[in-house]
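The values are calculated or read from the model by the stated rules, or taken from the named source; none is laboratory data. For clarity, every value in this text was computed on a predicted model and none was experimentally measured. A quick note on method: Cβ atoms are made from the backbone with ideal geometry, for glycine too, and the neighbour counts reach across all protein chains shown.
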Amino acid sequence: MKILLSLFISAKRKKMCQCKRCAGVILFTLGTISSQEATMIGRIISSSDDQPIHGANIYIDELGLGVSSQINGNFRIDQLKNGKVSFTVSMIGFQDMSRTLRLNAGVNNIGILYMVTDTIKIKGITVDAHRNLQPKNFSSNIDLVGNEYHSNLKSSLAATLSEETGLSIRSVGQGATQPVLRGYSGDRFLLTENGITSGDLSNTCVDHTVSMDMAAYNKVRIIRGPEALLYGSNTIGGVIDVSRQIDPGARFKKASFQSLIGSESSNSSLFGNVTCYIPFSYDHQFKLSYLNREAKDEISSIGPIKNSALSNNEISANYSYFGKTYRTTFSYEQLEMDYGIPGSPEGHIDGIDIEMNKNTQKFNIHKDLSFMGFQTLDIDQRYIVYGHTESEKTSSYPAVILDQEVFSIQNILKGPKVNIGSLFQYRKFRAGGFYWTPDTEELNFALFGIFEKNLNDLFLQFSSRAEYLAVIPNVYHRMSNIDTSNVVQRNFPILSAAMSIFRNWNQWELSISTMFTGRTPGIEDLYSDGPHLVSLSYEIGQPELDLENTLGFETGLKYQNKKGVIRIGSYQNYSPNYHISTKTGICNEEFIIGENHPCAGADFIEWGSGSTGWLYKYQMEGLESFIYGFESDFEYQLSKRINIIGSVSITRGENLTQKTPLAYMPPDKFLFSTEINFEPLLLSATFKRVLEQNRLSEFEEKTEGYFVTNLNATYTIHSSIIMHKVIFQAENIFDQEYYNHLSRIKSVMPERGRSLNLQYRLSF
């Protein structure tokens, strides 16, 4: 750290010059800029009725960048220079407003800005200010944006969120990682991009990784409570919503360039992302982006994890047109990801290679209107084509081929007290190779809405969602373990509802929420029949599965003052028909590589790769379950420069049918962090304690607890037109050997060892 500080101090004394080479640019531009980072926050209010204004454009003249006010009127602009800044506030129906302020380092609250009404008519339609409903955030909601997002950035979504309250990781090596929310994984929570399904197969199996490289994104939201039903029915665990842009309505008057270059020592990886905003006029804007990541086998504390390398390429193009009362956006994205699954004595010794590709077309219309009290309309259309192959390391052809097409169109009307919307989605799933799950089509229709109301000292929030799902299989071959006469069309009507009550007094807030929702069994849950190489399993579905209904309760208490905030909460979720895939048996005989397995031919063993491996049979079933837990987190400003942060995450799962613990529950997690702000340098140390997991289901093994220490340093510098940010991460600095209970290869290798990570961000 002393070396880094000395480099930065010496660099500041150098004179600025233009250089063609990247290394020269970094050294010289870092050296000449002495400004400190500032943040500007405020609120836009209508002077006529004191109502917040949503969608007002706050434009920073020097940067050529605009952000929009939120539905509650608030806005936030990060990474500004320390000093004088000029900005303009504009909104259809109001008079423009210009201000010049002097910003200090840190957060600058400029207070309330009142806009004067100046109603105009366009084609006979009066355009007024937005006062849309902003669903009240539940205390357990999480927002990662700006510096907090950059400082936690890892290659995968699960790793980026790993230190957040209530979140864990299930994995099969570094390439295949998925987040776990309060013990829920797979499709028991929703993963969306700007409110629409991600369109991959990450929710079906642990080896199907999330089709997102987080270096291409800028914001993550974790949503709970009634608002979650706006996204889908199977949201008992919550919603994870990611965004490429912090504000999709941002408008640029000048071309803007953003780049990210980084590396990680634990896998010798290099990655980078370049994004360009190109406005052809104030109304026409292009956005182009390219991302590449190359990572070798991950290194654990005891050696390399063989066949864990990954490669990722992504290209995206975006065009936006800003009309007087509407905005249209068309996007195309192409993703190619290759990653390896380490071998295991419990399956394929040499490992599995996965090739994945996804092509996404998006079209969005955002329209200001005046219709029955509604003030905006958003129409989102997407078409996603996803492909996925699994090949044994020693084979030249894929053993499993999976692909799907997803077409969806969603409409949402927003007003000051209510939001309502509809969704139509078509999905076509196909399987090939040695995977005998039938080709299947899905048709999904949904109506949803959310309503808020003040009742004296109480704030009420209510949402509901009505869905209909038709699952239509096409059986054209004989299945091995399922009677094809049972493989028929299934129809699932789903009615979900949620309600929250908020009570505020002085500096306290109490929230109580209840939700009843249903999860439809997936195609794989119903009709799977075949070896799934990566997950080391032979999967057998259950065509007669019914809805997985869940009744949930959540309570939260928050206290906040000028020094900090503390939150405590609990949740309880009961399901009479919890779908789970479990081993039908276990083999205790010794297996000698190169010889036939002694358990081959037993009813619980299936050959998956000839003489080099074998697979357990997993059977889908429904059982009675109860999942509950406790969460708490706090943040306290110890002094002007020092903040302390901590959190507790405790989850319990009960298999009430068999009176045993529920399988695949995360162990208890405790985090404590200290932040020291030496602007423009921010230092932090995080101490993570995970307890032993000894609450085990059948066929699970105990996992020892561990203690890991991470360090982080962020150095940010601004000029009038350029922003530089250098982030240094030191993970597991003591090279602790530890194992993740939710890892499918924990019997083979521990988690990654010491890793030194570096990021450099440039924006102008």
The residue from Lys324, Lys358 that alone is touching a strand residue (DSSP E or B) at 6+ places or on another chain (Cβ under 9 Å) and assigned to a loop (DSSP other than H, G, I, E, B) is Lys324
Only residues in region 249-260 that are free of Cβ contacts under 8 Å to residues at least 60 places away in the same chain and not assigned by TED's automatic domain parsing to the domain that holds His54 count as the first member; pair them with residues that are buried (at least 16 other Cβ atoms within 10 Å of the Cβ) and among the polar types (S, T, N, Q), Cβ under 9 angstrom, at least 6 apart or cross-chain, and list the lot.
-> none
Would you mind telling me which numbered condition in (1) hydroxyl-bearing (Ser, Thr, Tyr); (2) closer than 17 Å to Ser528 by Cβ; (3) part of a strand (DSSP E or B) Ser480 fails?
-> (3)
Can you name every residue in region 365-404 that is surrounded by fewer than 21 Cβ atoms within 10 Å (Cβ to Cβ), of a type in the set (Phe, Trp, Tyr) and modelled with pLDDT of 85 or more?
-> Phe374, Tyr383
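Which residue, of Ser649, Ser575, is in contact with a Pro (Cβ under 9 Å, 6 or more places away or on another chain) and at pLDDT 95 or above? So that I can check it myself, show each step before the final result.
On the way: Ser575 fails: in contact with a Pro (Cβ under 9 Å, 6 or more places away or on another chain).
None of the other options fit; the residue is Ser649.
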Qualifying residues in region 213-268 (those that are over 16 Å from the mean Cα position of the chain (by Cα), hydroxyl-bearing (Ser, Thr, Tyr) and assigned to a loop (DSSP other than H, G, I, E, B)) - the one surrounded by the fewest Cβ atoms within 10 Å (Cβ to Cβ) = Ser268
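Right, Thr582: modelled with pLDDT of 95 or more and buried (at least 16 other Cβ atoms within 10 Å of the Cβ) or not?
It is false that Thr582 is modelled with pLDDT of 95 or more and buried (at least 16 other Cβ atoms within 10 Å of the Cβ).
Residues to consider are Leu443, Leu469; find the one that is crowded, with 17+ Cβ neighbours inside 10 Å, under 19 Å from Leu545 (Cβ atoms) and at pLDDT 95 or above. First the steps, then the outcome.
On the way: Leu443 fails: crowded, with 17+ Cβ neighbours inside 10 Å.
Criteria check complete, one pass: Leu469.
Only one of Asn267, Asn292 is within 23 Å of Arg752 (Cβ to Cβ), modelled with pLDDT of 95 or more and not aromatic (Phe, Trp, Tyr); which?
Just one listed residue meets the conditions, Asn292.
Here is a list: Ser265, Ser320, Ser300, Ser269. Which entry is of a type outside the set (Val, Ile, Thr) and closer than 24 Å to Gln361 by Cα? Outline the logic, then answer.
Numbers: Ser265 fails: closer than 24 Å to Gln361 by Cα; Ser300 fails: closer than 24 Å to Gln361 by Cα; Ser269 fails: closer than 24 Å to Gln361 by Cα.
Only one candidate passes the filter, namely Ser320.
Restricting to region 448-466, name every residue that is exposed (fewer than 15 other Cβ atoms within 10 Å of the Cβ) and either basic (Lys, Arg) or not assigned by TED's automatic domain parsing to the domain that holds Phe516 (or both). Steps first, answer last, please.
First, the residues of region 448-466 that are exposed (fewer than 15 other Cβ atoms within 10 Å of the Cβ): 453-458.
Once the filter is applied, which keeps residues that are exposed (fewer than 15 other Cβ atoms within 10 Å of the Cβ) and either basic (Lys, Arg) or not assigned by TED's automatic domain parsing to the domain that holds Phe516 (or both), region 448-466 yields only Lys453.
Condition check: among the polar types (S, T, N, Q), modelled with pLDDT under 95, surrounded by 20 or more Cβ atoms within 10 Å (Cβ to Cβ) and on the phi < 0 side of the Ramachandran plot. Does Ser301 satisfy that? Spell out how you get there, then give the answer.
On the way: among the polar types (S, T, N, Q): yes; modelled with pLDDT under 95: yes; surrounded by 20 or more Cβ atoms within 10 Å (Cβ to Cβ): no; on the phi < 0 side of the Ramachandran plot: yes.
Taking the combined requirement at face value, the residue does not satisfy it.
Restricting region 419-440 to residues that are modelled with pLDDT under 90 and assigned to a strand (DSSP E or B), which is nearest to Ile494 (Cα to Cα)?
Just the residues of region 419-440 that are modelled with pLDDT under 90, to begin with: 431-438.
Now drop any that are not assigned to a strand (DSSP E or B), which leaves 431-433.
Working: Ala431: 27, Gly432: 31, Gly433: 34 Å.
So, considering only residues that are modelled with pLDDT under 90 and assigned to a strand (DSSP E or B), the one nearest to Ile494 (Cα to Cα) is Ala431.
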Can you pull out the residues in region 710-761 that are closer than 21 Å to Phe257 by Cα and either among the charged types (D, E, K, R) or modelled with pLDDT under 90 (or both)?
-> Thr716, Ile717, His718, Ser719, Ser720, Ile721, Ile722, Met723, His724, Lys725, Arg761
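Let's see how each residue does on (1) touching a residue at least 40 places away in the same chain (Cβ under 8 Å); (2) within 30 Å of Leu80 (Cα to Cα); (3) in contact with a Leu (Cβ under 7 Å, 6 or more places away or on another chain):
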| site | (1), (2), (3) |
| --- | --- |
| Phe728 | yes, yes, yes |
| Asn732 | yes, no, no |
| Arg744 | yes, no, yes |
| Arg752 | yes, no, no |
Tyr715 in the same structural domain as Glu163 (by TED's automatic domain parsing), surrounded by fewer than 16 Cβ atoms within 10 Å (Cβ to Cβ) and closer than 30 Å to Leu103 by Cβ = no
Out of the residues in region 700-740 that are under 26 Å from Thr39 (Cα atoms) and outside any strand (DSSP E or B), state the one that is nearest to the chain's Cα centre (by Cα).
-> Ile722
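Quick check on my filter: what residues within region 432-474 are more than 21 Å from Pro543 (Cβ to Cβ) and more than 28 Å from the chain's Cα centre (by Cα)? Let's see the steps before the verdict.
Looking only at region 432-474, we keep the residues that are more than 21 Å from Pro543 (Cβ to Cβ), and these are 433, 445-466.
Listed by number, the residues that qualify are Gly433, Lys453, Asn454, Leu455, Asn456, Asp457, Leu458, Phe459.
Looking at region 501-550, which of the residues that are in a strand (DSSP E or B), of a type outside the set (D, E, K, R) and under 24 Å from the mean Cα position of the chain (by Cα) is surrounded by the fewest Cβ atoms within 10 Å (Cβ to Cβ)?
We begin by selecting, within region 501-550, every residue in a strand (DSSP E or B); these are 501-505, 508-519, 529-532, 537-540, 548-550.
If we keep only those that are of a type outside the set (D, E, K, R) too, we end up with 501-502, 504-505, 508, 510-518, 530-532, 537-538, 540, 549-550.
Restricting the remaining residues to those that are under 24 Å from the mean Cα position of the chain (by Cα) gives 513-518, 550.
Values: Ser513: 24, Thr514: 17, Met515: 24, Phe516: 15, Thr517: 25, Gly518: 22, Thr550: 25.
Out of the qualifying residues, it is Phe516.
Each row is one residue, and each column tells you yes or no for (1) assigned to a loop (DSSP other than H, G, I, E, B); (2) free of Cβ contacts under 8 Å to residues at least 40 places away in the same chain; (3) within 27 Å of Lys558 (Cβ to Cβ).
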position: Ala158; (1), (2), (3): no, no, yes
position: Thr165; (1), (2), (3): yes, no, yes
position: Gln174; (1), (2), (3): yes, no, no
position: Val180; (1), (2), (3): no, no, yes
position: Gly199; (1), (2), (3): yes, no, no
position: Val210; (1), (2), (3): yes, no, no
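Looking at region 67-129, what strands (runs of 3 or more DSSP E) fall wholly within it and have at least 2 residues that are under 28 Å from Val726 (Cα atoms) and at pLDDT 75 or above? Before you say what the answer is, go through the steps one by one.
Working: elements: 74-81, 83-90, 97-103, 106-115, 120-122, 125-127.
Output list reads 74-81, 83-90, 97-103, 106-115.
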So is Asn318 under 22 Å from the mean Cα position of the chain (by Cα), without any contact (Cβ under 8 Å) to a residue 60 or more places away in the chain and surrounded by fewer than 20 Cβ atoms within 10 Å (Cβ to Cβ) or not?
-> no
Of the conditions (1) closer than 21 Å to Ala176 by Cβ; (2) free of Cβ contacts under 8 Å to residues at least 24 places away in the same chain; (3) hydrophobic (A, V, I, L, M, F, W, C), Phe687 fails just one. Which one is it?
-> (1)
